[in-house]
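Please read the structure below before turning to the comments.
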Amino acid sequence: MALPREARRPLPAAVAPLRRRTLADREDWLGRLMLAPALVYVVALVGVPFALALALAFSSARSGSLEFSWVGLRNFWAILPDPQFHRALWNTLRFTLVSQALVIVLAVTAAHVLSAAFVGRRLVRFLLLLPWAAPVALAAIGWTWIFDSTFSVINWTMLWLGLTKRWLYWFGEPQLATAAIIIVHVWRMFPFATVITLAGMSAIPQEISEAAVIDGAGFWRRFFQVNLPLLLPIITVAVLFGVVFTSTDLSVVYLLTRGGPYNSTHVLSSLAFQRGIFGGDLGQGAAVALFLLPVLVVVAILMLRTARRAEVGA
Amino acid sequence: METGFVEIRNLHKHFGEVRAVDGVDLSIKEGELLVLLGPSGCGKTTLMRMIAGLEVPTSGQILIGGEEVDEDVPPRARGVAMVFQSYALYPHKTAYDNIAFPLQAAGLTPAAIRGRVQGAAKRFSIGHLLGRRPRQLSGGERQRVALSRAVVRDPKVFLFDEPLSNLDAQLRAIARYELKELQRELGTTTIYVTHDQVEAMGLGDRIAVMNQGRVRQVGTPQHVYDHPADTFVATFLGSPPMNLLEQDAHTILGFRPESFVPRQDIPAGTDAEVFAFKVRQVEYLGADRLIYGAVDTPYRAGQTVIADLPVTITTPVAEGRIHEFAVPRRALRTFDAATGLARDRGAA
């Protein structure tokens, strides 16, 4: 095919210098360059402290001294029979499991409410997401006031409604302190889980819900036999995230109760902080903190597997 | 006028400014298979969803079996079973549990459910697939599971929303045949939505042609094909569509491509209209020849006309030549140029 004369003329010479390969053409190097900041961040802020924690857990290091000697598993032998450690381990499991169970129920309920069309839905969605976006320190200060021994609005409301006859000292009694910590954990994780569940619900084809309606299934049958099983993979992802977030969290316990009353609400991370930083026994603190590692590795593997299955499925 | 098993009276559904269904009256007889045919967006699916109870009408009435079903009658109380275009099988349930689901919802005993599910599975020859999930089934197998789920409840009315459109062409013809046989055997009143005119002609006891939210014509496939009520129906049914020629300022002349044949192939003595047909292109399609061209005065020049000649007509037709073609006068239709409505309306 003959091209018009104009088009056959060679490109002007001014373009020639650009013929050399620039960095933008070399994808192998460009890729490495663009990954570098993230890599540096992860190595410096996650990798190094993690390696340090591993090293410390097998050493007799103390804060305020430069002495560092290997002691093998001695730190672990020291904490294993410690009743305070048992308590912290049990609390970590308890807080995590109870709060995540509540989160599932609340998130699925909220997602169903929010998926219905009603006036002000956008505003409610926005308000619901706020706890997740709020800085935890700020939130914890708010909650310490809500649970305050003198000014608690919860007490005030419950007394007024006649739900309780006595004044509750939330951080003064182990059971109440436990309840308070779980409430704050649920409050923090539930918006995130709700949003994930909502996303999962919008992925269910509308025709399937309609088929169930026409097949004569009532609300509960549709919920338990159709919607919930289809939501299960995505709820699992939300819960596993919640487990990791909650079980490793230091801030809620530390800011609300500091492990009190009578060290009854310590979790592994707050106990590690107390032993390692306040107590100065860096080795033992690291050993306490590392105790959760195997559990979290298992959770992480489960999480990746579920995420992959949710991808392949559909 | 006898009342039908499903009665639709002046039904409207408006979405804001859009009138998806704009005043539909329709009467579906007991045991009949009525096809709602129309282009996408004509309101046929919305109409079916209102009958199912998935959509609340803006105004109008729907009666099933003589009882009015308004928004207080939920889908489960209407006795309708629906097969969706996507089949809408429950992906986490086995074929067995999919078919059993409406029976469980109806509160049948496990023994009764097992009997009915196995009966339906046998009818559709999917007995060996009952343990599989939808993902492990082919398109045709999924369609059978969806049909089983609809049949197993013994509903008053079947609603089919393009259930064959996800099948490949070869499978579709067989599935169409089987579907019609099934419907005749069960004798269940059926409303079938499609945009495929071949499917509509092949399946329907009657066809309701819809466009822009209204029913343009209701009748047997033969009647709707031979006596289209307006130019829309005339061109929507038939492939290639009916030829429409502006005869004068007031009249449009219509005739089917297969009625448009060389003059010598019309039996002598037949009253026929003769055209000077300037042939532009001839397509050989195996079973027939499609001939494209234009007719000369007295019709407006340049209007394309198509002739569809079966292999039995062997008269040579050459491109670029003018041939004498003719249409038997009984096959000619006239339409009002302003309204598009047929002049010979009411002729049976």
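Read-outs throughout are calculated quantities, based only on the coordinates presented, and are distinct from any laboratory measurement. Keep in mind that this is a model prediction, so the values were computed, not measured. Every residue, glycine as well, gets a Cβ built from its backbone with ideal geometry; the counts of neighbours run over all protein chains shown.
Which whole number gives the average, over all residues in B:97-103, of C-beta atoms from other chains lying within 10 Å of the residue C-beta? Provide the component values of the computation, followed by the final result.
On the way: counts 1, 2, 0, 0, 8, 6, 2.
Mean shielding by partner chains, rounded to a whole number: 3.
Of the residues A:Gln206, A:Gln274, A:Gln84, which exhibits the maximal mean-square fluctuation in a Gaussian network model of chain A defined by a 10 Å Cα contact cut-off?
A:Gln206
Partner chain Cβ atoms within 10 Å, averaged over the residues of A:200-213 - can you pull that number for me? All intermediate terms of the calculation are to be shown ahead of the outcome.
Working: counts 0, 0, 0, 0, 1, 4, 4, 9, 8, 2, 8, 15, 7, 7.
Average per residue, whole number: 5.
Counting only GluC sites (Glu not before Pro) that are in a DSSP loop and have at most 15 other C-beta atoms within 10 Å, tell me the longest site-free stretch of chain B.
Details: sites that count: B:Glu2, B:Glu17, B:Glu30, B:Glu71, B:Glu319.
Excluding the exposed sites themselves, the longest stretch runs over B:72-318.
Can you give me the angle between helix B:110-123 and the longest principal axis of chain B, using Cα atoms only, in degrees from 0 to 90, rounded to the nearest 10?
On a 0 to 90 degree scale, this one is about 20.
Mind giving me the FRET efficiency for B:Asp265 and B:Thr3? R0 is 51 Å, r the Cβ-Cβ distance, nearest 0.05 is fine. Intermediate values should be presented prior to the final figure.
Values: r = 47 Å, r/R0 = 0.93.
Calculated value: 0.60.
Assuming a ≥ b ≥ c are the square roots of the Cα gyration tensor eigenvalues, decide whether chain A counts as rounded (a/c under 1.5), prolate (otherwise, with a/b larger than b/c) or oblate. Each step should come with its number before you reach the end.
Numbers: a/c = 2.29, a/b = 1.25, b/c = 1.84.
The shape class here is oblate.
Where in chain A are the DSSP H helices whose C-alpha atoms run 20 Å or more along the long axis and whose mean Kyte hydropathy is at least -0.5?
Numbers: long enough: A:27-42 (22 Å, 0.84); A:83-115 (47 Å, 0.93); A:174-202 (41 Å, 1.31); A:228-247 (27 Å, 2.32); A:293-312 (29 Å, 1.44).
Helix filter hits for chain A: A:27-42, A:83-115, A:174-202, A:228-247, A:293-312.
Roughly how many whole Å is it from the C-alpha centroid of the stretch A:233-255 to that of the stretch B:196-260?
With the stretch A:233-255 and the stretch B:196-260 each reduced to a Cα centre, they are spaced 64 Å.
Considering chain A as a Gaussian network with a 10 Å cut-off on Cα pairs, which listed residue, A:Ser264, A:Ser65, A:Ser251, attains the greatest mean-square fluctuation?
Checking each option, the largest mean-square fluctuation is seen for A:Ser65.
Measuring from centroid to centroid over Cα atoms, what is the spacing of the stretch B:44-82 and the stretch A:154-206 in Å?
43 Å
Taking neighbour counts of Cβ atoms within 10 Å as a proxy for exposure, in what order, fewest first, do B:Thr3, A:Thr96, A:Thr248 appear? Write down the numbers at each step before the final one.
Values: B:Thr3 10, A:Thr96 24, A:Thr248 15.
Ordered from fewest to most neighbouring Cβ atoms within 10 Å, B:Thr3, A:Thr96, A:Thr248 come out as B:Thr3, A:Thr248, A:Thr96.
At 0.36 nm per residue, minus the direct Cα-Cα distance, what do B:Leu182 and B:Glu324 gain on full extension? Give it in nm, one decimal, please.
Values: separation 142, 0.36 × 142 = 51.12 nm, distance 4.73 nm.
Once the chain is fully extended between B:Leu182 and B:Glu324, it gains 46.4 nm.
Among A:Trp187, A:Ser202, B:Pro228, which residue has its Cα furthest toward the positive end of the charge dipole of the protein assembly as shown, with +1 on Lys/Arg Cβ and -1 on Asp/Glu Cβ?
A:Trp187
I'd like the FRET efficiency for B:Val56 and B:Thr109, computed as 1/(1 + (r/R0)^6) with the beta carbon distance as r and R0 of 30 Å, rounded to 0.05. Before the final figure, lay out the partial values.
Numbers: r = 34 Å, r/R0 = 1.15.
For R0 = 30 Å, the calculated efficiency reads 0.30.
What is the helix-to-structure angle for B:169-186, meaning the angle in degrees between its Cα long axis and the longest Cα principal axis of chain B, kept from 0 to 90 and rounded to the nearest 10?
The helix B:169-186 is inclined about 60 degrees to chain B.
Considering chain B as a Gaussian network with a 10 Å cut-off on Cα pairs, which listed residue, B:Arg76, B:Arg149, B:Arg256, attains the greatest mean-square fluctuation?
Highest fluctuation of the listed residues: B:Arg76.
Rounded to the nearest 0.05, what FRET efficiency is calculated for A:Leu127 and A:Leu176 with R0 set to 35 Å and r the Cβ-Cβ distance?
Working from the Cβ atoms, E equals 0.80.
What is the distance, in nm, between label points placed 7 Å from the Cα along the Cα-to-Cβ direction at A:Thr150 and at A:Arg258?
1.7 nm
For the residues A:Phe223, A:Phe147, what sequence is obtained by ranking on other C-beta atoms within 10 Å, fewest first? Numbers along the way, then the final one.
Working: A:Phe223 15, A:Phe147 25.
With the fewest neighbours first, A:Phe223, A:Phe147 line up as A:Phe223, A:Phe147.
For a test of the definition: using alpha carbon positions, the gyration tensor, and the 1.5 limit on a/c, classify the protein assembly as shown as rounded, prolate or oblate.
Numbers: a/c = 3.02, a/b = 1.98, b/c = 1.53.
It is prolate, given that a/c is not under 1.5 and a/b is the larger ratio.
May I ask for the distance between the Cα centers of the stretch B:87-141 and the stretch A:73-146, given as a whole number of Å?
41 Å
Given the rule -39500 (n - 2.57) for each run of at least 4 DSSP H residues, summed and divided by the residues of the protein assembly as shown, what is its mean residue ellipticity at 222 nm, to the nearest 500 deg cm²/dmol?
-13500 deg cm²/dmol
Given the Cα-Cα distance of B:Ile313 and B:Asp168 and 0.36 nm per residue of separation, how much length would full extension add, in nm? Before the final figure, lay out each step's value.
Working: separation 145, 0.36 × 145 = 52.20 nm, distance 3.20 nm.
This chain segment gains 49.0 nm when fully extended.
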